[in-house]
Amino acid sequence: MNKLLVICGPTATGKTQLALQIVQDYKADLVSADSRQVYRGMDIATGRDTPGNFKFLPAGRQGQISNIKLNQKPVGYFTDGKTRLWGLDLVDPGEEFSVTDFVRFAVPVIKTIWSEDKLPIVVGGTGLYIRALRGELPDIFIPQNSELRKELEKKELSELQTELRRIDPGKFQSMNNSDVNNRRRLVRAIEIADAKKYHNASREELFKVNADLLRIGLTAPIATLTQRISERVETRIKQGVVAEVTKLIKSGYSWNLPSMSALGIRQWQPYFEKSVSLKAVRNKWIQDEVSYVKRQLTWFRKELGIVWFDVSRPDYKEQAMEMVKKWYTKS
């Protein structure tokens, strides 16, 4: 059976760095599973840490050996000449990108990597993307219903809540406070509940990954992660995140776009509206990143089968790489 390595965990645990160390010992390619880093022009804000020797190879460029497409458009990848890094710069900030898009992109990439007798390593902190690769989210293949959405857009938030409670009380009860107050998520939940009686599951099978799977999780005490996040935010401010966000705004991207609600972006809106100071943005950014880390930890703790390594321990890399070696060489 083909092998698939996943390196997951919360922000600021060094997932990409570990993956890049692992690829030194194997023929392997990386697939990013980060919902923020799919957008072009947000490198600093989203904390992309692609090594400087990795250069982007656009689709169609000489040397581009893949015909992978996303929404009928060929996509490129980053490479150092040996290893490819997929899943970055997939769409413009004005375009939508969903977990369905991720699966439809990532599964063909993984199968391409296998066809080249290489090891795919999925790296990222977006737990929903990683779960979807295992075929555990069949609802993502239910298409949008434009007519239903037009009707739902006319409703108040409270009416959407009432409607979902009526047609799928179990789903409503499972949603957290943020979800039940999010119009977009309520609309999608209603759409899924409405469509299930007509849904054909055959297409789901095309986008399932069946593999000998090893999931490595990186973690650390929250105090350690908070310190790392503070340092990362300071670094991004020095690297020019203000100029990056300014360019996005001047390019016509509005604050209400899903991409502009990403961590590292949305915190800047009041600053550009001249209602808060740079220090206030910095503090809010750190606070929101730490809150996000706590949510990530809660999510991943519910995922069974992840082997965890504490990155605050000096020997964690050696231990993780030894586990990968034993798993990879096992027939």
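Each part reduced to its alpha carbon centroid, region 284-307 and region 64-97 end up 27 Å apart. Per residue, the chain reaches -13000 deg cm²/dmol at 222 nm when only DSSP H runs of four or more residues are counted, each adding -39500 (n - 2.57).
In region 225-293, if every C-alpha pair distance is counted and binned at 5 Å from zero, what percent goes to each bin? Here the calculated profile for region 225-293 is 3, 17, 28, 27, 17, 6, 1.
Note on Gln319 and Ala223: the extension gain reaches 32.3 nm, defined as 0.36 nm multiplied by sequence separation minus the Cα-Cα distance. Between Ser174 and Glu234, the distance separating the two model label sites (each 7 Å from Cα on the Cα→Cβ line) works out to 4.3 nm. Close amide H contacts of Val123 (hydrogens built in the peptide plane, cut-off under 5 Å, sequence separation of 5 or more or a different chain): Ile7, Val31, Ser32, Ala33.
Hull volume per residue, based on the alpha-carbon atoms of region 93-178 and their convex hull, is 154 Å³. Here the Kirkwood formula puts the hydrodynamic radius of region 111-262 at 19.7 Å, using every distinct Cα pair.
Could you tell me what % of all Cα pairs in region 143-198 have separations over 19 Å? Distances greater than 19 Å cover 18 percent of the Cα pairs. Structure shown: which of Lys250/Lys274; Lys196/Lys302; Lys15/Lys111; Lys15/Lys55 lie over 18 Å apart, alpha-carbon to alpha-carbon? With Cα atoms farther than 18 Å apart: Lys196/Lys302; Lys15/Lys111; Lys15/Lys55. Summed over all non-identical Cα pairs, the Kirkwood treatment of region 184-331 gives a radius of 19.5 Å. For the chain, taking the reciprocal of the average inverse distance between every pair of different Cα atoms yields a Kirkwood hydrodynamic radius of 21.4 Å.
A short reminder: the numbers here are calculations on the coordinates, not readings from a lab. Keep in mind it's a predicted model, so treat the numbers as computed, not measured. We place every Cβ from the backbone using ideal geometry, glycine too, and count neighbours over all the protein chains shown.
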